[in-house]
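*Asks:* Following this message is one structure expressed as structure tokens.
Please treat every number below as a calculation from the coordinates, not as lab data. These numbers come from a predicted model, not from an experiment. Every residue, glycine among them, receives a Cβ derived from its backbone with ideal geometry; neighbour counts consider all protein chains shown.
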Ligand SMILES: [Zn+2]
């Protein structure tokens, strides 16, 4: 049976169709009708219809989205697409599409995609990390997402940064109400803010990464700080979950230095005299969210 995956983002809704073997048949995308719940449902239904007409349906449908459907209430929460919050989105989608729909957090879809046929293919325990405008995480064990009792398994972005130095304490205020969350250091905007506070010069994450590659000393320092913090933050994940592979996605996963430097630095923080955990870059890039949604069935 054909699988359709939908990635509901803040600015774009992407759809992909995979054949029964998982080969990609085609993709479509449209602008997200921001702030309009009914139009969001209609846009997803239109994408599904378009893919089924092109490639021959019916298909199973999985949807990845920021946030989660609370197992306690059946309603969406923790979504930065705020117009979804408080809605029984999965039920409304099922009604609009005339079949059951599986919904998952976008970071979980990312991890599932990379564990199924991406950079972590064949690994039993996989931690997928998104380093972008926010910091998300998802856990896949033996090919299945681990959702957890509150559907927040893998959400490490709002843990405090481990082993903080004096100048990292208490850390910047986070929108979640805490200080010094991992996300305030490791998201793109968080990294840019931290660097601006130190250097008095504001550059965004992409510019910083490029300047570091070109040899700019200030930017190289910023990358070194980022690398050390990511190493500490991932070491605590290794201590709890002990994944075989950690896959990085999102804009900051393009910083080449991470893949050598982070494993070089996480050792002292891991409760093991040897650490063989593989740190790899996402194979499917930006397409992992939508492919993982398709793999929910
Ligand atoms: Zn936070």
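*Asks:* Give, to the nearest whole percent, the P(r) tail of the stretch 30-77 beyond 16 angstrom, counting all Cα pairs. Write out the running numbers ahead of the final one.
*Replies:* On the way: 599 of 1128 pairs.
Value for the stretch 30-77 (Cα pairs over 16 Å): 53 percent.
*Asks:* Still on this structure, please answer the following. Roughly how tilted is helix 106-117, in degrees to the nearest 10 and between 0 and 90, from the longest Cα axis of the chain?
*Replies:* Rounded to the nearest ten degrees, it is 90.
*Asks:* Which of 157, 56, 98 moves most in a GNM of the chain, Cα contacts under 10 Å?
*Replies:* Looking only at 157, 56, 98, the biggest GNM fluctuation is shown by 98.
*Asks:* Using only Cα atoms, locate the centre of the stretch 1-69 and the centre of the stretch 182-238, then give the distance between them in Å, rounded to an integer.
*Replies:* 34 Å
*Asks:* Which residue, 243, 71, 189, tops the fluctuation ranking in a GNM of the chain built on C-alpha contacts under 10 Å?
*Replies:* 71
*Asks:* Arrange the following residues from fewest to most other Cβ atoms within 10 Å of their Cβ: 38, 286.
*Replies:* On the way: 38 11, 286 15.
Fewest-to-most Cβ neighbours within 10 Å comes out as 38, 286.
*Asks:* Which distance in Å, rounded to a whole number, links the C-alpha centroids of the stretch 111-161 and the stretch 261-291?
*Replies:* Spelled out, the Cα-based centre of one part sits 12 Å from the other.
*Asks:* Of the candidates 138, 249, 86, which one comes out as most mobile in a Gaussian network treatment of the chain with C-alpha springs shorter than 10 Å?
*Replies:* Result for the chain, Cα springs under 10 Å: 86 fluctuates most.
*Asks:* Can you sort 248, 279, 146 so the residue with the fewest Cβ neighbours within 10 Å comes first?
*Replies:* On the way: 248 25, 279 21, 146 16.
Fewest-to-most Cβ neighbours within 10 Å comes out as 146, 279, 248.
*Asks:* Give me the percent relative contact order of the stretch 224-297, please, defined on Cα pairs under 8 angstrom at least 6 residues apart. Intermediate results must be reported in sequence, preceding the final value.
*Replies:* Numbers: 62 pairs, mean separation 30.8, N = 74.
The normalised contact order for the stretch 224-297 reaches 42 percent.
*Asks:* Please give the contour-minus-distance gain from residue 264 to residue 73: 0.36 nm per residue of separation, less the Cα-Cα distance, rounded to one decimal in nm. Don't skip to the end; give the middle numbers.
*Replies:* Numbers: separation 191, 0.36 × 191 = 68.76 nm, distance 4.35 nm.
So the chain would gain 64.4 nm between residue 264 and residue 73.
*Asks:* Using a basic spin-label model with each label point 7 Å from the Cα along Cα→Cβ, how many nm lie between residue 176 and residue 142?
*Replies:* That separation, rounded to one decimal, is 2.9 nm.
*Asks:* Compute the projected area of the convex hull of the Cα atoms of the stretch 94-174, averaged over all viewing directions, and report it in nm² to one decimal place.
*Replies:* Values: hull surface 32.3 nm².
Mean shadow area of the hull around the Cα atoms is 8.1 nm².
*Asks:* Measure nothing fancy, just the Cα-based angle from helix 217-241's long axis to the longest principal axis of the chain, in degrees from 0 to 90, nearest 10.
*Replies:* That works out to roughly 60 degrees.
*Asks:* Where does the stretch 205-297 land on Rg/Rh, using Cα atoms and the Kirkwood Rh? Please list the in-between numbers first.
*Replies:* On the way: Rg = 14.8 Å, Rh = 14.5 Å.
That ratio is 1.02, to two decimals.
*Asks:* If you don't mind, another one. How many times 2.2 N^0.38 Å is the alpha carbon radius of gyration of the stretch 24-122?
*Replies:* Working: Rg = 14.2 Å, N = 99, 2.2 N^0.38 = 12.6 Å.
With N residues counted in the stretch 24-122, Rg over 2.2 N^0.38 Å equals 1.12.
*Asks:* Can you quote the Å³ per residue value for the convex hull of the Cα atoms in the chain, rounded to an integer?
*Replies:* Working: hull volume 39.2 nm³, N = 297.
Each residue corresponds to 132 Å³ of Cα convex hull volume.
*Asks:* Using Cα atoms only, what is the angle between the long axis of helix 188-199 and the major principal axis of the chain, expressed in degrees (0 to 90) to the nearest 10?
*Replies:* Roughly 20 degrees between the two axes.
*Asks:* Given the stretch 109-255, report the % of alpha carbon pairs whose separation exceeds 22 Å.
*Replies:* On the way: 4349 of 10731 pairs.
Summing the P(r) tail past 22 Å for the stretch 109-255 gives 41 percent.
*Asks:* Rounded to the nearest 500 deg cm²/dmol, what is the calculated helix-only ellipticity per residue at 222 nm for the chain, with -39500 (n - 2.57) per DSSP H run of length n ≥ 4?
*Replies:* Values: 9 runs with 107 residues, N = 297.
It comes out at -11000 deg cm²/dmol, rounded to the nearest 500.
*Asks:* While we're on this one: For the stretch 181-228, build the convex hull from the C-alpha positions and give me its volume per residue in Å³.
*Replies:* Details: hull volume 2.9 nm³, N = 48.
Convex hull of Cα atoms, per residue: 61 Å³.
*Asks:* Also: Would you work out the relative contact order for the stretch 3-58, in percent, from Cα pairs under 8 angstrom that are 6 or more residues apart?
*Replies:* On the way: 80 pairs, mean separation 16.4, N = 56.
Relative contact order for the stretch 3-58 comes out at 29 percent.
*Asks:* Using only alpha-carbon positions, what ratio does the radius of gyration of the stretch 42-188 give when scaled by 2.2 N^0.38 Å?
*Replies:* Working: Rg = 17.5 Å, N = 147, 2.2 N^0.38 = 14.7 Å.
Compared with the compact-globule rule of thumb, the stretch 42-188 sits at 1.19.
*Asks:* Relative contact order of the chain: what whole-number percent is it, with Cα pairs under 8 angstrom and at least 6 residues apart?
*Replies:* Numbers: 617 pairs, mean separation 62.0, N = 297.
Result for the chain is 21 percent.
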